[in-house]
Amino acid sequence: MTLEEIKKCDDFASWWIWFPDLALDLMAPEEGSIKLHLDQRVFMRAGARFFSEHGCFNRGYGKTFLEFATMVVVAIRYPNIELSLTAQTKENAAALLKDKFTELIRYYPMLENEIKKYSFIKGDALIVFKNGARIDALANAQTSKGQRRKRISIEESNLMDNVIFEDALEPVVEVGRTTCGKLAIVNPEEMNQQINFYTTPGFRGSDEFNRNLAMFKDMRDVNGKIVLGSNWMLGCWYGRGSSKRTILEKKKNMSSIAFDMNYGGNWVGSSTGALVNINRFMNCRTLTE
């Protein structure tokens, strides 16, 4: 291989991870694929370029699909990388992976050529790529303690308290990916230990609300993090999800708090320094047995 050919391969490898949305476009069939909108392209590029992304969007925005699509592009780009999607339970994470995998393959059938095998059994999910990369499911719970992955994406992070995150999930990405070939080193320019958070709004004063504010300050100070968010109007303007009329009907029938959390894009229901800690209150809603 000539030096010019090596340079072209290097440029393509950089382009692939810098523009994950365009990588999908490259694999799209002439008919039947999804036509990504501008905000979706920004979402995917931010998820691939930043050390940590916080996406706070309404129901029906399509954040889980975009999140998984970015993970697949990353898996194709980095051999032997181990990625995980986490949710409140491992079963929920596995169900999300199965649903989004089926959807992505349907719209981009060429991606199936990159898959070696996949398994979706009750309570578990595993996708293995031909280059050795893997995507699987974990829980936002102590059961994930001791696991090791290179990057994780946390679903419904507003339901997770900071104690579980720091004790069980943050150490999951402690070890970076070792490159293939003779050198076998940890690439300092790779997004090792990346943790992305995706959620709908929750309660003000909660751990996730405070994380959102902290990451917003990190974004302002250019510390490698980015915060994105919107209410129902952005997706609706592009024609995604429910129509404007349907959502306004829901607003009439739902409580103001439920509507704000699911469609309005507002953090609600509690204040900083309240007498009852909102995270402890939320934990009381879960039966241990």
Within segment 98-200, list the GluC sites (Glu not before Pro) lying in a DSSP loop whose Cβ has at most 13 other Cβ atoms in a 10 Å radius.
Glu174, Glu189
As a Kirkwood estimate from alpha-carbon pairs, segment 64-126 has a hydrodynamic radius in angstrom of 12.1
Computed E for Ala141/Asn162 - FRET, C-beta separation, R0 22 angstrom, nearest 0.05
0.95
Using a 1.4 angstrom probe with every protein chain in place, what is the largest-first accessible-area order of Lys217, Lys252, Lys90?
Lys252, Lys217, Lys90
Taking amide H positions as placed in the peptide plane 1.01 Å from N, state which residues far from Val227 in sequence (5 or more) or on other chains have amide H under 5 Å from it.
His54
For segment 13-106, what class follows from the C-alpha gyration tensor (a ≥ b ≥ c being the square roots of its eigenvalues): rounded when a/c is under 1.5, otherwise prolate if a/b is larger than b/c, else oblate?
rounded
So for the chain, taking the charge dipole from beta-carbon charges (+1 Lys/Arg, -1 Asp/Glu), which of Ile81, Thr200, Ile127 sits furthest toward the positive end?
Thr200
What trypsin sites (Lys or Arg not before Pro) does segment 94-125 have in DSSP loop regions with at most 15 other beta carbons within 10 Å?
Lys122
Neighbour-limited loop hits for GluC sites (Glu not before Pro), segment 2-31 (at most 14 other Cβ within 10 Å; DSSP other than H, G, I, E, B):
Glu30, Glu31
At R0 = 41 Å, how high is the FRET efficiency between Ile257 and Asn223 if r is their beta carbon distance? Nearest 0.05 is fine.
0.80
Please state, rounded to one decimal and in Å, the Kirkwood hydrodynamic radius that segment 99-188 gives when every pair of distinct Cα atoms enters the mean of 1/r.
15.3
Hits among lysines - C-alpha to C-alpha of Lys225 under 17 Å, sequence gap 8 or more where chains match
Lys217
DSSP-defined antiparallel bridges as percent of all bridges, the chain, nearest 5:
30
Relative contact order in percent for the chain (Cα pairs under 8 Å, 6+ apart) equals 21
Quick check: with the 1.4 Å probe, what order do Val163, Val172 take by accessible area, largest first?
Val163, Val172
Given charges at beta-carbon only (K, R positive; D, E negative), |dipole| of segment 170-248 in Debye
500
Solvent-free Debye scattering, log10 I(q)/I(0), computed from the Cα coordinates of segment 154-253 at q = 0.23, 0.24 Å⁻¹
-1.23, -1.27
Give me the one-decimal nm value for the distance between modelled label points at Leu126 and Arg245, 7 Å along each residue's Cα-to-Cβ direction.
5.0
If you compute volume of the Cα convex hull per residue in Å³ for the structure shown, which of (1) 131; (2) 158; (3) 266 do you land on?
(2)
Determine the distance separating the Cα centre of segment 28-69 from the Cα centre of segment 177-247; give it in Å without decimals.
11
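Given a Förster radius of 25 Å and the C-beta distance between Ile115 and Cys180 as r, what FRET efficiency does 1/(1 + (r/R0)^6) yield to the nearest 0.05?
For R0 = 25 Å, the calculated efficiency reads 0.85.
The values are calculated or read from the model by the stated rules, or taken from the named source; none is laboratory data. All figures in this text were calculated on a predicted structure; none of them were measured in a lab. Positions of Cβ are backbone-derived with ideal geometry, glycine not excepted, and every protein chain shown enters the neighbour counts. SASA here: full protein model, heavy atoms, side chains in, ligands and nucleic acids out. Shrake-Rupley method; radii C 1.70, N 1.55, O 1.52, S 1.80 Å.
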